[in-house]
Amino acid sequence: MQLSLYQATVPSFLQILRPVAGLVEKAREHCKAQGGEEAALCDARLAPDMWPFAKQVMAAVQHSAGAIEGAKRGETGPDMSAPPTSFDALAAAVAGAIAALEKVTPEEVDGIAANDTCFRFGERIMPFTVEDYLLSFALPNFYFHASMAYAVLRNQGVQVGKADFLGAIRLKH
């Protein structure tokens, strides 16, 4: 059996985005239990030069549902807007990405795999085929930012474990 571009990306995005939604809820529960401020946990980071929790979540959204949408358009780039400072806004962004990905069909993704696309950051343009963009840029960035969101919460004392990251693994039936 040959693996399609859709199979290699969209189910993987969904497998991890659902737990990212759970991380946002765990962060909310932690603040309620500890009396912490949402904005402070949204702004927590592992190192001074790394993005905060909220930006890591938004980057995971951008490199999953945003990557598919950008690939369809033929161009995408980073979202440099300030991240939300509330769990409600983060939860809504993740839910929107999940809903968008659930509507994507294999034909949509597989049908554009050989198309040209680019990632534009200011004057810098990184040209790709859609397949190479999704597999070598969007997917690794997605996993990086999702795992950093997890790591920030873990570092801040939020009770999360590996199962809170992996999501529903696809077992043989």
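The values are calculated or read from the model by the stated rules, or taken from the named source; none is laboratory data. Because the structure is a prediction, the values reported are computed rather than measured. All Cβ positions, glycine included, derive from the backbone under ideal geometry; neighbour counts span all protein chains shown.
Number of residues in the range 24-52 that are surrounded by fewer than 16 Cβ atoms within 10 Å (Cβ to Cβ) and not charged (D, E, K, R) equals 8. Does Ala100 qualify as being among the small types (Gly, Ala, Ser) and more than 21 Å from Tyr150 (Cα to Cα)? Yes; evaluated as a whole, the condition is true for this residue.
When the helices (runs of 4 or more DSSP H) confined to the range 1-77 are screened for residues that are modelled with pLDDT of 95 or more and under 20 Å from Arg154 (Cα atoms), those reaching at least 3 such residues are found at 5-34, 38-42, 53-62. Number of residues in the range 112-167 that are more than 30 Å from Glu29 (Cβ to Cβ) and among the β-branched types (Val, Ile, Thr) equals 5. Checking Leu41, Leu23 one by one, the residue that is more than 25 Å from Ile169 (Cβ to Cβ), out of contact with any strand residue (DSSP E or B) (no Cβ under 6 Å at 6 or more places or on another chain) and in contact (Cβ under 8 Å) with a residue 60 or more places away in the chain is Leu41 and no other.
Whether a residue is over 22 Å from Val10 (Cβ atoms) and not aliphatic (A, V, I, L, M) was assessed, and Glu102 does not pass this test.
With respect to being among the β-branched types (Val, Ile, Thr), touching a strand residue (DSSP E or B) at 6+ places or on another chain (Cβ under 8 Å) and under 27 Å from Lys103 (Cβ atoms), Thr76 fits the description. Taking the criterion of being under 21 Å from Tyr143 (Cα atoms) and either among the aromatic types (Phe, Trp, Tyr) or in a loop (DSSP other than H, G, I, E, B) (or both), would at least one residue in the range 94-105 satisfy it? Yes. The set of residues from the range 53-106 being more than 15 Å from the chain's Cα centre (by Cα), crowded, with 16+ Cβ neighbours inside 10 Å and not polar (S, T, N, Q) comprises Ala71, Lys72, Phe87, Val104. Just one of the numbered conditions (1) surrounded by fewer than 18 Cβ atoms within 10 Å (Cβ to Cβ); (2) more than 15 Å from Leu17 (Cα to Cα); (3) within 15 Å of the chain's Cα centre (by Cα) is not true of Ser147: (2).
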